[in-house]
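Input: a single structure, listed below in structure tokens.
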Amino acid sequence: MSSHTHEAQHLLLLGMTGSGKTTAGIKFMLNAEDVACRFVFDWNERLVPRLPIRPCYTEADCEAALPSRWVILHPRKMFPGVMLDRKVGREALRWFAQWVRAVSKRGPGRKLFACAELWNFCTEDSIPPELAMLADDGRQDQVSFIFDTQHPQKLNASITGAATEIIAFKLIAPDALRECARLGLDAKAIKELSPGSFIAYNRISGATLRSDNWEWA
């Protein structure tokens with residue numbers, strides 16, 4: 001489903017806890033080809049236990065990790081309380097987005113920027129300006145986003161509106177399903193999915209793919 005050549009490829013992964021969305025996001029990043037670097041704002045520290053990659057705690061760590069093509073930030077040392085205080089989390093995301101934007105301008109190549117449950121750091125009316133600037137420069141700097149959530153209805157409209165591809169795993173919350181329908185997905189089919197199954201919708205081509213047994217290889 002990600003074979004189109006649209007300049008900005010922004011992936012939105014939806015699904016309840018245990019549905020498969022996190023695993024899908026990890027494997028998508030692992031399998032992505034011709035990627036200059038993967039930048040992950042792992043504010044709740046849920047990805048590194050599943051990846052054999054050393055996390056970064058400081059700006060120096062982030063710089064040192066660039067040659068590996070993986071920069072996974074655990075912001076708790078730079079921003080104590082990031083997991084508990086939404087304001088602190090927003091400041092951490094602002095710093096990381098600004099740093100990624102600056103780094104992305106250093107050279108060519110596709111870059112991936114990933115964050116889980118981004119709604120924690122946004123409101124219905126706004127997103128951090130540094131993230132907006134990173135998105136605005138996305139085409140020229142070749143930055144693509146990967147956002148995953150179990151609460152699509154809480155995402156800022158500028159985020160959902162920018163998604164070029166949506167992959168939905170099982171959801172059952174009425175508000176989440178209504179948002180899926182608003183985004184052009186079959187809410188009833190999503191509710192009936194079994195764990196690990198998904199429906200993918202390419203918003204550029206209009207193509208839809210459903211899989212009940214396919215795994216991210």
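The values are calculated or read from the model by the stated rules, or taken from the named source; none is laboratory data. Computed from a predicted structure; not experimentally measured. Don't worry about glycine lacking a Cβ; one is built from the backbone with ideal geometry, like all the others, and counts go over all protein chains shown. Accessible surface areas use protein heavy atoms only, side chains included; no ligands, DNA or RNA. Shrake-Rupley method; radii C 1.70, N 1.55, O 1.52, S 1.80 Å.
Here are a few things to note about the model shown:
- Residue match in region 70-91 (condition: at pLDDT below 95 and in contact with a strand residue (DSSP E or B) (Cβ under 7 Å, 6 or more places away or on another chain)): no
- Taken together, Asp137, Asp148, Asp85 contain a single residue that is under 18 Å from the mean Cα position of the chain (by Cα), closer than 14 Å to Asn44 by Cβ and among the charged types (D, E, K, R), which is Asp148.
- Subset tally (residues that are more than 22 Å from Arg101 (Cα to Cα), without any contact (Cβ under 8 Å) to a residue 24 or more places away in the chain and among the polar types (S, T, N, Q)) for region 15-73: 0
- Hits in region 9-68 (condition: over 12 Å from the mean Cα position of the chain (by Cα) and of a type in the set (D, E, K, R)): Lys27, Glu33, Asp34, Glu45, Arg46, Arg50, Arg54, Glu59, Asp61, Glu63
- Residues being open to solvent by 50 Å² or more (accessible area, probe 1.4 Å), closer than 17 Å to Lys21 by Cα and in a helix (DSSP H, G or I) - total across region 157-201: 1
- The set of residues in region 45-58 that are open to solvent by less than 50 Å² (accessible area, probe 1.4 Å) and in contact with a helix residue (DSSP H, G or I) (Cβ under 9 Å, 6 or more places away or on another chain) comprises Leu47, Leu51, Ile53, Pro55, Cys56.
- Number of the condition not met by Trp119 [criteria: (1) closer than 26 Å to Ile204 by Cα; (2) touching a residue at least 40 places away in the same chain (Cβ under 8 Å); (3) among the aromatic types (Phe, Trp, Tyr)]: (2)
- Close pairs (9 angstrom Cβ cut-off, 6 or more residues apart or separate chains): hydroxyl-bearing (Ser, Thr, Tyr) in region 127-148, assigned to a helix (DSSP H, G or I) and open to solvent by less than 10 Å² (accessible area, probe 1.4 Å) anywhere: Ser144/Gly138
- Residue in region 74-93 that is out of contact with any Ser or Thr (no Cβ under 7 Å at 6 or more places or on another chain), open to solvent by less than 70 Å² (accessible area, probe 1.4 Å), closer than 23 Å to Glu165 by Cβ and of a type in the set (Lys, Arg) present: no
- Checking Thr17, Thr22 one by one, the residue that is at pLDDT below 95, open to solvent by 10 Å² or more (accessible area, probe 1.4 Å) and outside any loop (DSSP other than H, G, I, E, B) is Thr22 and no other.
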